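Asker: Just dropping this structure here.
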Amino acid sequence: MREHYRHVLADLESELAQLGTDVQSAVHAALWALEHESLGFAKQVITNDSLIDQRRYALERSALDLIARQQPLARDLRLVSTILSLASELERIGDYAEGIAELVLRCASLPPLILPEQIAAMATQSQAMLKAALSALHQRDAQALERLEADDNVVDDLYRTMTAWAFTTMREQPAVLERATYYLWVAHNLERIADRTINIAEGAVFISTGTVD
Amino acid sequence: MSDVIAKRQTAEVASTPRVGVTVQTANQAADALGHKMQVEDFSLYYGAFKAISGINLQIVEGRITAFIGPSGCGKSTLLRSLNRMNDLIPSVRTDGRVLLDSTNIYDPRVDVVELRRHVGMVFQRPNPFPKSIFDNVAFGLRRLKLSKSELEDRVQESLRRAALWDDVKDRLKTPATGLSGGQQQRLCIARAIAPEPEVVLMDEPCSALDPISTLKIEELMMDLRGRYTIVIVTHNMQQAARASDYTAFFMMNEQRSGEMVEYGPTGTIFTNPQDKRTEDYITGRFG
């Protein structure tokens, strides 16, 4: 019964998954550009961000179309409303990747400064969280939220130590003050990415249970 | 379009003014996908009363087009005009043209029986003939002089396409009136598609059916889409939203004539209608 509707709903979820894949790629590419000081990669991330924006708007149009035409109810309605919300979350994560890429370009003409280990740790952790959150969404895994919240606390701790490192570096090495500031902004973007993965995991809970505490 | 009608076509060309109607991208889509039928400045009168006024629209080939609008807005009248069913009503007169492919079906030389083989119809209430299930589907095929096995194959294929074969394959010789309402309507669809029409007109085909039977008919329409061009009149806006590709909204003008207000892709009509009257109707503010 309602095979056509089932197909349309499945297509919508596939569109969201594709947006998630694109955003993961953008984050990965931005961090690779940061680590390797690759201006070419950074520029590519910036260029591709408009594609992510377009995918978000197309997804939102599809979701509105489905609501208007198919009148989804119960779990299906929760799924579609979550997709609408997460399209925005993912697009914002794409913006953070773009932001990191822009900082790579800004750093290009500045005196060198080794990336602090906190950034590497935050990069690893936030990417793993994004992957886990998207997987939880796909698997309707309501248990993932608790694990991700614990991971998010780790990222928050790293961000605090990163802030301390930045202030110390700025005081002690004024020549690299500007680059240290940009590294702090990178860390801020990574902290935001990790924070938004929690919203994705909450989406998985909402679809599964109908509530989020 | 049949050779029988095509060879009777005259070479007349009418102008097709399009004013006062929001026609979004449906007609452009028709240009891209190809249109099966084209209504050109079409009006219909019952005596002196103008029932529908100046309709222009292109019906996209292989897609489902829904006509919606309040009672009395002329949508069923227009539907019946697409295979000249209104010819049966005395005092009916028409202006303008209705093209099936490139043939004006209102050309006086058109064979109306042949036209209706190409443009079939399913009515509001299931109306099986008081015959067996098999004979109902075979009814329109008899005149084709098929062999017995060819006839049986066509009946079986039509019942399969109408998603009814599994329900009735063991009782083909029993009276069709013994079927449930939903099954009877699917039988009528099987009967309508048996002669392989190009267009199937459906006049509120689910209005007498329960919700489950309604969903089955909608699924069937989606399955038939592509092979047939389908035009459906429905009072159920949700049905138009669920089960059509293009939607035309009609309402009465001040002279109480039905006119087309807006026509476009169904997704657009139901999420971003361009005419306030359409928006007011689909959001339940009138009608």
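Asker: Collect the residues in the stretch B:41-76 that are open to solvent by less than 60 Å² (accessible area, probe 1.4 Å), more than 11 Å from the chain's Cα centre (by Cα) and among the polar types (S, T, N, Q), keeping them in residue-number order.
Answerer: B:Ser43, B:Ser53, B:Asn56, B:Gln58
Asker: Give me the residue from the stretch B:257-281 that is polar (S, T, N, Q) and touching a strand residue (DSSP E or B) at 6+ places or on another chain (Cβ under 8 Å) and, out of that set, surrounded by the fewest Cβ atoms within 10 Å (Cβ to Cβ).
Answerer: The selected residue is B:Gln274.
Asker: Could you tell me which of the residues B:Glu259, B:Glu279, B:Glu254 is modelled with pLDDT of 95 or more and on the phi < 0 side of the Ramachandran plot?
Answerer: B:Glu259
Asker: Test each condition in (1) β-branched (Val, Ile, Thr); (2) farther than 26 Å from B:Arg143 by Cα; (3) touching a residue at least 60 places away in the same chain (Cβ under 8 Å); (4) within 14 Å of another protein chain (Cβ to nearest Cβ) for B:Thr214 and report the one that comes out false.
Answerer: The one condition B:Thr214 does not meet is (3).
Asker: Of all the residues that make up the stretch B:217-234, how many are in contact (Cβ under 8 Å) with a residue 60 or more places away in the chain, away from every other protein chain (no Cβ under 11 Å) and in contact with a helix residue (DSSP H, G or I) (Cβ under 9 Å, 6 or more places away or on another chain)?
Answerer: 8
Asker: Here is a follow-up. Tally time: how many residues in the stretch A:68-104 are open to solvent by 60 Å² or more (accessible area, probe 1.4 Å), in contact (Cβ under 8 Å) with a residue 12 or more places away in the chain and either within 14 Å of another protein chain (Cβ to nearest Cβ) or farther than 20 Å from A:Val8 by Cα (or both)?
Answerer: The number of residues fulfilling the criteria is 2.
Asker: For the list (1) crowded, with 20+ Cβ neighbours inside 10 Å; (2) touching a helix residue (DSSP H, G or I) at 6+ places or on another chain (Cβ under 7 Å); (3) more than 23 Å from B:Asp275 (Cβ to Cβ), I need the number of the one condition that B:Tyr246 fails.
Answerer: For B:Tyr246, the failing item is (3).
Asker: When you check B:Arg277 against the structure, is it away from chain A (no Cβ under 14 Å) and without any contact (Cβ under 8 Å) to a residue 24 or more places away in the chain, yes or no?
Answerer: Answer is no for this residue.
Asker: From the set of residues in the stretch B:103-132 that are under 18 Å from the mean Cα position of the chain (by Cα) and assigned to a loop (DSSP other than H, G, I, E, B), which is farthest from B:Lys173 (Cα to Cα)?
Answerer: B:Tyr106
Asker: Right, next: When you go through (1) more than 19 Å from A:Thr124 (Cα to Cα); (2) of a type in the set (A, V, I, L, M); (3) open to solvent by less than 50 Å² (accessible area, probe 1.4 Å); (4) part of a helix (DSSP H, G or I) one by one for A:Ala142, which number turns out not to apply?
Answerer: (4)
Asker: Is it true that some residue in the stretch B:125-145 is touching a strand residue (DSSP E or B) at 6+ places or on another chain (Cβ under 9 Å) and in contact (Cβ under 8 Å) with a residue 60 or more places away in the chain?
Answerer: Yes: one or more hits.
Asker: Looking at this structure, is A:Leu12 in contact (Cβ under 8 Å) with a residue 40 or more places away in the chain and over 19 Å from the mean Cα position of the chain (by Cα)?
Answerer: yes
Asker: Given the residues B:Glu157, B:Glu219, which is the only one that is surrounded by fewer than 20 Cβ atoms within 10 Å (Cβ to Cβ), in contact with an Asp or Glu (Cβ under 8 Å, 6 or more places away or on another chain) and part of a helix (DSSP H, G or I)?
Answerer: None of the other options fit; the residue is B:Glu219.
Asker: So in the stretch A:45-67, with the set limited to residues that are among the polar types (S, T, N, Q) and away from chain B (no Cβ under 12 Å), which one is surrounded by the most Cβ atoms within 10 Å (Cβ to Cβ)?
Answerer: Ranking the qualifying residues of the stretch A:45-67, first place goes to A:Asn48.
Asker: Being within 14 Å of another protein chain (Cβ to nearest Cβ) and outside any loop (DSSP other than H, G, I, E, B) narrows it down to one residue among B:Gly284, B:Gly264; which is it?
Answerer: B:Gly264
Asker: Could you tell me whether the stretch A:6-19 includes any residue that is within 14 Å of another protein chain (Cβ to nearest Cβ), crowded, with 16+ Cβ neighbours inside 10 Å, in contact with a Ser or Thr (Cβ under 7 Å, 6 or more places away or on another chain) and within 24 Å of A:Lys131 (Cβ to Cβ)?
Answerer: There is at least one residue in the stretch A:6-19 that is within 14 Å of another protein chain (Cβ to nearest Cβ), crowded, with 16+ Cβ neighbours inside 10 Å, in contact with a Ser or Thr (Cβ under 7 Å, 6 or more places away or on another chain) and within 24 Å of A:Lys131 (Cβ to Cβ).
The values are calculated or read from the model by the stated rules, or taken from the named source; none is laboratory data. In this text, all values refer to a predicted model and were calculated from it rather than measured experimentally. Counting neighbours? That spans all protein chains shown, and the Cβs are built from the backbone with ideal geometry, glycine included. In case anyone asks, the SASA skips ligands and DNA or RNA and just uses the protein heavy atoms, side chains included. Shrake-Rupley method; radii C 1.70, N 1.55, O 1.52, S 1.80 Å.
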